[in-house]
Amino acid sequence: MPITDRPLRARTGARTETANDTRTAPRWPHGHRSCVALAFDLDGPTGDAMLDGSIWRNPAYFTLGSYGPWRALRRLLDMLRERAVPATFFVPAWVVENWPQQCAAIVEGGHEIAYHGYRHEAFWTLDSDGQRAVMQRSAEVFERYLGIRPVGFRTPSGDWGPDTIRVLAEAGVRYSSSMRGDDRPYLMHAEGIAEPMVEIPGRWELDDYASLAYHRNPDFPASLDRIASYDTTFDNWRREFDGSHRDGLCLTTLFHPKVSGKPGRIPLLERLIDHMREQDGVWFAACRDVAQWWRDTYVANSTTTAVQEFRR
């Protein structure tokens, strides 16, 4: 359910400025034409079935998720290393606790790890104290096992609660990749936070679940009517990138190692990234670097940008 269907409403304060003019592409570093922030949600077996306890009665479903950090992650990291492109991995802290060596390999490979809940909680179902508890526990896990303090967050299960932006700011989060409100980064303001948070919006069109996720018992999708053609899936993703690159925008992905990190599907990602690399002027960056660039360029230099104001 979109965020506007809940008590929290987003009001876009669109101002006639460089970064908010749809006729003018944003500026990217070193004269690059567009930006690509590859991102993977390393969910493992976390999520609704873990939160309600049913996953412990369904070992096959557990292993569907554990395949991501246990087997697929290494394949993805090798693919990224061969192409010398960075990525961001949004990781539930429970996954870090249970696969610490695999998660450490992400950091060792020069990639970013960012927050994604503790067990992939639906933040919009939690009150402020519940969200704070998740963020605090997650921060402790990342510090203990990886020696890092993430600066990014992607909401599990697709939406925020009314106070999430304040909870994130208190936790030291500098950017989010959770919303759908643009095809460029933008700033989010809320009462009670000292400075705006950068949002790097993703799109469901670039979520591999939409085409490739499949499981029996529990059934996903409910009708069990597809795994999409790989050629069609690649063509869809390529077209999304081509449009973003043509217009000088920022594209990020919502890929999942347990879905697209399989032997027959890695070639989809290889073809997509190779196509991106063949184009002139693509800036590949981790989400934290995109957020820092946006902040430095459109805030520090007193150049304003599109703003989302969140009010009850």
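Readers should treat all values here as calculations from the given coordinates under stated rules, not as data from a laboratory. Every value quoted in this text rests on a predicted model; they were computed, and no experiment measured them. Quick reminder, even Gly has a Cβ in these numbers, built from the backbone with ideal geometry, and neighbours come from all protein chains shown.
What ranking do 68-76, 260-268 get when scored by the average of other Cβ atoms within 10 Å per residue, highest first?
Working: 68-76: 21.1, 260-268: 16.9.
Final packing ranking: 68-76, 260-268.
Scan segment 89-191 for GluC sites (Glu not before Pro) in coil per DSSP, keeping those whose Cβ has at most 11 other Cβ atoms within 10 Å, and list them by number. Walk me through the numbers on the way to the answer.
Numbers: sites: GLU97, GLU108, GLU112, GLU121, GLU140, GLU143, GLU170, GLU191; in loops: GLU121, GLU191.
Sites meeting the loop and neighbour criteria: GLU191.
If you add up the charges near ARG154, with Lys and Arg at +1 and Asp and Glu at -1, over every other residue whose beta carbon is less than 11 angstrom from its beta carbon, what do you get?
Values: positive: none; negative: ASP41, ASP43, GLU199.
Once positives and negatives cancel, what remains is -3.
Net charge near VAL198: determine it from the other residues with C-beta under 12 Å of the C-beta of VAL198, scoring Lys and Arg +1 and Asp and Glu -1. Intermediate results must be reported in sequence, preceding the final value.
On the way: positive: ARG174, ARG184, ARG288, ARG295; negative: ASP182, GLU195, GLU199, ASP289, ASP296.
It works out to a net charge of -1.
Near GLU170, within a Cβ-to-Cβ distance under 11 Å, what is the net charge of the other residues, with Lys and Arg +1 and Asp and Glu -1? Kindly include the intermediate steps, with their values, before the conclusion.
Details: positive: ARG132, ARG166; negative: ASP163.
Within the 11 Å Cβ shell, the charges total +1.
Does segment 46-180 classify as rounded, prolate or oblate by the C-alpha gyration tensor (a ≥ b ≥ c root eigenvalues; a/c under 1.5 gives rounded; else a/b over b/c gives prolate, otherwise oblate)?
Values: a/c = 1.79, a/b = 1.19, b/c = 1.51.
Oblate is the answer for segment 46-180, as a/c is 1.5 or above yet b/c matches or exceeds a/b.
Rounded if a/c is under 1.5, else prolate if a/b is larger than b/c, else oblate: which is segment 148-283, with a ≥ b ≥ c the root eigenvalues of its Cα gyration tensor? Provide the component values of the computation, followed by the final result.
Working: a/c = 2.35, a/b = 1.40, b/c = 1.67.
It is oblate, given that a/c is not under 1.5 and a/b is not larger than b/c.
For a quick check of your reading of the filter: which chymotrypsin sites (Phe, Trp or Tyr not before Pro) in segment 109-218 sit in a DSSP loop and have no more than 16 other Cβ atoms within 10 Å?
TYR214
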